[in-house]
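What follows is a single structure, written as structure tokens, with notes after it.
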Amino acid sequence: MLRNPEGIDVLQPRLSWLVNTAIPGVEQTAYQILVASTKEKLNANEADLWDSGKVTGNQSINVVYKGEKMSSRKEAYWKVKIWINKGETLWSETNHWSMGILTYAEWKSTRWIGYEKLSKDDSVSQYSRLSARYLRKEIDLKKQVKSAKVYIMGMGLYELYINGNKIGDQVLAPVPTDYTKNVKYNVFDVTSQLKEGKNMLGTILGNGRFFAMRQDYKPYKIKSFGFPKMALQLYVDYTDGTSETIRTDESWKLTTDGPILANNEYDGEEYDARKEMKGWATTNFDDKNWVNARYVQEPGGFYEAQMTPNMKIMGEVKPISIKATPRGTYILDMGQNMVGWLQLKVKGKSGDQITMKFAESLQDDGSLYIANLRDAKTTDIYTLKGEGEEIWEPRFVFHGFRFVEISGFPGKPTLDNFVGKVVYDDIKTTGTFESSDATMNQIFKNAWWGISGNYKGMPIDCPQRNERQPWLGDRTTGAYGESFLFDNQTLYAKWLDDIKYSQTQDGGLPDVAPAFWRYYGDNVTWPGTYITVGDMLYQQFGDAEVIKKQYPSMKKWMTYMEENYLQNDLMDKDKYGDWCVPPESLELIRSKDPARLTDGQLLSSAFYYQLLNIMKKFAVIAKEESDIAHYDDLATRIKKAFNAKYLNTATNSYANNTVTANVLPLAFGMVPENLVDKVFQNMVHEVEVTKNGHISTGVIGTQFLMRTLTNFGRGDLAYKLASNKTYPSWGYMVENGATTIWELWNGNTADPSMNSQNHVMLLGDLMIWYFENMAGIKSNPETPGFKQIIMKPDFNAGLTYVNASYESVHGLIKSHWKKDKKGLEWSITIPANTTALVYLPTADSKKITVNKSKLEKAGIESKTEDKQQVLKLYSGEYTIKIN
Ligand code: RAM
């Protein structure tokens, strides 16, 4: 199992497999990997690239390839044989990967081409407009094609065609990067698209993040990379053993006079169907009005294979209502705040023009609420060609919206004229969660929509207003919660590279990476995400390589912060505070009330302390153990200074006693042992009594609140917060019609200047709590990647049932429990080659049956711990009953 097998550019890819068998209690005892250069050789067990030999052990994920040195474009076919403890051996099916282009020299004679001028209706302004570039190149393949692969870098966004057919189902490709640092190429096997004789290659280039991201607007802040451009190599192998390479050069033809008049991620796409150029990507087209493409400068960054998937249309939403307005327009309601675009089906006259304006909600008078979009125009315009039914959807934009205002529609539009296309990274949904609490269930759905919609080849903060930036702080802990819902491993691994590439020479990290917005403020809490997301990848996916790779840059940043901002053993650098706490008045965005705000030095010191602890773990993984002593010493000093300055032993509270000020030292283990319980009880009092059982934390405190309450014994209070419907709470958002998660607790009343209705940062650790604490699906920190699962739901928090599942890297885990007066019934699925520690809420083993037999007779290892029976279970399905 390699997630993106086409065009791998690491020399030693890692191989993983799932042990798939119905036999219970299975553990792998050994494996043998065979890798061959052709399918035939592999079938004959002729492992000319690598034969790992029989390796004893149960490792089934991330086995590092250690065979022949791989070279560019080399194909590898592999399979694995495993031995299991039940006396059998199993063979996997044949898998495949192909290497990318490993050296710059192999790209050297390929030129970047484009057209670096504005056309008639283009402008560079606050609302930049640029028409899409269409390129075409006829090629003559003289012999029969055996295989062909294309490697394309199309900046900012490309669509690739061969003989009129679009290649691949990706949209808005490639994933965005800081193109001056690294440029991603995509690889496609196009063997079946090419034929002997004349063929036509065609591409369309859109702007994406490349061109004029409003460069006139704040050029000191917003990065721009220039006009769209591309480089492409097509390798063709013929059946007679010869081969040929086709590369971009000045012989490619180009026009800017196609139907896509303007495309801008924030403002929308304008399309004039009258300007369509039928057959432009086929050999059957007259391009006499096209010009030759020009040689242009390369973007500057390294060329890299894209190892995370592109976006795709992942689903559809049918609108639920359409209403006429007094203005003669129509308001379409999708019933869901979604990210993507609207497909239009229409009949009319040539020149009829339909305008679609996207927004997240409506004002009281039924018109669109657009103030919170700031100056993003979010408008698509389609001009009809007037040839019967026309179906159109944009290519180079996305919108975050629930409502669309339609104007200029010929005739009366109906719901059937529109379909919402849901666009996000092509990754699997891995987690499901359903419980006895309807509010919590709706929050889960809202979180799913919010998280997926904001995956845009990088995790962005919001999809609708003029921002859409990959802010680090929004994901510090969120990425971990998200990993239960989505297979986000490659996305976040890519993002850590983005962060690494954005590091300054002296070690500083920005708050936004790629740094499309330039925010280098030497903050701790936002850049610290570099380390916490690394920890998530290690913990949830068992990915140690990513830690080894990023460790030097992580360490560099830690040192840089220490050298510049450590004062009297405290870290004195904070920019955003506990961002977005519930403010003192409902219209406010940012609180000014000192009683609600937490001291910045406290936040940055506690965070830095926690990061030091993670770095100690990473130092072991990266084999840099000699760093540990320093991290340890620093952590000890910070803890001491922190308690000396902020801990009030008379009141057992920290600083001004906000919940955030207390929850951080509790969660990070900074509280002196003899005071832990007292500090916790004080915090509980703040949440339960002072705040009347409601949230008072912002982006920082909320990351630790739910787990800390639960782990120290007050899961019931955490449940209250999760199921609340009154302000401030996630349920309050639901009660007020939210179908995603808001940027602000008071999103329905606050000023629009910073008020997105689709932000994920306030989720904090809520999703982790759903899975780890309510469902009882947690990876044992000692055995990352769910090699051992800790199943310890808090059955007494308040829920009466939970049905949850999670597709881990080791396979599907399920936990379904329900409680009633008679007792508890719990069905569990544990994947092969893993074990689970299952915590049952009784010390009395006589009350327990497992798969209908008494525990004592079931032959299961168990022990008593804190009045609980703890069972060690091997793979299989179990139904446990306690009465
Ligand atoms: C705003 C958004 C974003 C946050 C920054 C600090 O732009 O709320 O999500 O990270 O502020």
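One line per residue, one yes/no per condition, for (1) part of a strand (DSSP E or B); (2) hydrophobic (A, V, I, L, M, F, W, C):
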site: F786; (1), (2): no, yes
site: I789; (1), (2): yes, yes
site: D794; (1), (2): no, no
site: A797; (1), (2): no, yes
site: K814; (1), (2): yes, no
site: W817; (1), (2): yes, yes
site: W826; (1), (2): yes, yes
site: V838; (1), (2): yes, yes
site: K863; (1), (2): yes, no
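One line per residue, one yes/no per condition, for (1) buried (at least 22 other Cβ atoms within 10 Å of the Cβ); (2) within 19 Å of I860 (Cα to Cα); (3) not hydrophobic (A, V, I, L, M, F, W, C):
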site: G776; (1), (2), (3): yes, no, yes
site: F786; (1), (2), (3): yes, no, no
site: S808; (1), (2), (3): yes, no, yes
site: P831; (1), (2), (3): yes, yes, yes
site: T835; (1), (2), (3): no, yes, yes
site: L840; (1), (2), (3): yes, yes, no
site: D844; (1), (2), (3): no, yes, yes
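A655 - would you say it is assigned by TED's automatic domain parsing to the domain that holds L721, surrounded by fewer than 22 Cβ atoms within 10 Å (Cβ to Cβ) and touching a residue at least 12 places away in the same chain (Cβ under 8 Å)? It is true that A655 is assigned by TED's automatic domain parsing to the domain that holds L721, surrounded by fewer than 22 Cβ atoms within 10 Å (Cβ to Cβ) and touching a residue at least 12 places away in the same chain (Cβ under 8 Å).
Listed by first and then second residue, the pairs linking a residue in segment 587-604 that is over 18 Å from N648 (Cα atoms) to a residue that is of a type outside the set (S, T, Y) and modelled with pLDDT under 95, with Cβ atoms under 9 Å apart and 6 or more places separating them unless they lie on different chains, are S604/D572.
If you go through segment 76-108 and keep only what is more than 31 Å from the chain's Cα centre (by Cα) and not in a helix (DSSP H, G or I), you end up with K81, I82, W83, I84, N85, K86, G87, E88, T89, L90, W91, K108. Checked against the criteria, E545 does not count as without any contact (Cβ under 8 Å) to a residue 24 or more places away in the chain and either within 30 Å of Y179 (Cα to Cα) or open to solvent by 50 Å² or more (accessible area, probe 1.4 Å) (or both). Only one entry in S827, S815 is small (G, A, S) and either more than 23 Å from N441 (Cβ to Cβ) or open to solvent by 10 Å² or more (accessible area, probe 1.4 Å) (or both), namely S827. Residues in segment 516-535 that are open to solvent by 10 Å² or more (accessible area, probe 1.4 Å) and among the hydrophobic types (A, V, I, L, M, F, W, C): W517 only. Restricting attention to segment 675-698, does a residue exist that is within 16 Å of the ligand (Cβ to nearest atom), within 21 Å of S605 (Cα to Cα) and within 29 Å of the chain's Cα centre (by Cα)? Checked against the condition, which is being within 16 Å of the ligand (Cβ to nearest atom), within 21 Å of S605 (Cα to Cα) and within 29 Å of the chain's Cα centre (by Cα), segment 675-698 yields at least one hit. Residues that are without any contact (Cβ under 8 Å) to a residue 24 or more places away in the chain and not acidic (D, E) were ranked within segment 11-49; the one that is surrounded by the fewest Cβ atoms within 10 Å (Cβ to Cβ) is A22.
Exactly one residue out of W83, W78, W97 is open to solvent by less than 10 Å² (accessible area, probe 1.4 Å), in contact with a Ser or Thr (Cβ under 8 Å, 6 or more places away or on another chain) and either touching a residue at least 40 places away in the same chain (Cβ under 8 Å) or charged (D, E, K, R) (or both), and it is W78.
On inspection, W730 does not qualify as within 16 Å of the ligand (Cβ to nearest atom), under 21 Å from T477 (Cα atoms) and out of contact with any Ser or Thr (no Cβ under 6 Å at 6 or more places or on another chain). Of all residues in segment 802-810, none satisfies being modelled with pLDDT under 95, touching a strand residue (DSSP E or B) at 6+ places or on another chain (Cβ under 8 Å) and among the small types (G, A, S). Condition first: free of Cβ contacts under 8 Å to residues at least 60 places away in the same chain, more than 28 Å from the chain's Cα centre (by Cα) and away from the ligand (no atom under 16 Å from the Cβ). Can you find one or more residues in segment 786-795 that meet it? Within segment 786-795, one or more residues are free of Cβ contacts under 8 Å to residues at least 60 places away in the same chain, more than 28 Å from the chain's Cα centre (by Cα) and away from the ligand (no atom under 16 Å from the Cβ).
In summary, Y382 fulfils each of the numbered conditions (1) part of a strand (DSSP E or B); (2) open to solvent by 40 Å² or more (accessible area, probe 1.4 Å); (3) farther than 25 Å from Y455 by Cβ with the single exception of condition (2). The set of residues in segment 741-779 that are within 16 Å of the ligand (Cβ to nearest atom), polar (S, T, N, Q) and in contact with a strand residue (DSSP E or B) (Cβ under 9 Å, 6 or more places away or on another chain) comprises S756, Q757, N758. Looking across segment 505-553, the residues that are within 15 Å of the ligand (Cβ to nearest atom), of a type in the set (A, V, I, L, M, F, W, C) and outside any helix (DSSP H, G or I) come down to L509, V512, A513, A515, F516, W517, V524, W526.
Being in a loop (DSSP other than H, G, I, E, B) and under 16 Å from Q12 (Cα atoms) is not true of R111. A count restricted to segment 858-883 and to residues that are within 22 Å of N85 (Cβ to Cβ) and open to solvent by 10 Å² or more (accessible area, probe 1.4 Å) stands at 10.
Report yes if some residue within segment 568-585 is within 16 Å of the ligand (Cβ to nearest atom) and among the aromatic types (F, W, Y); otherwise report no. Looking for residues that are within 16 Å of the ligand (Cβ to nearest atom) and among the aromatic types (F, W, Y), one finds at least one in segment 568-585, hence yes.
The values are calculated or read from the model by the stated rules, or taken from the named source; none is laboratory data. The structure presented is a predicted model; accordingly, all values stated were derived computationally and were not measured. A quick note on method: Cβ atoms are made from the backbone with ideal geometry, for glycine too, and the neighbour counts reach across all protein chains shown. With ligands, DNA and RNA removed, areas are computed over all heavy atoms of the protein, side chains included. Shrake-Rupley method; radii C 1.70, N 1.55, O 1.52, S 1.80 Å.
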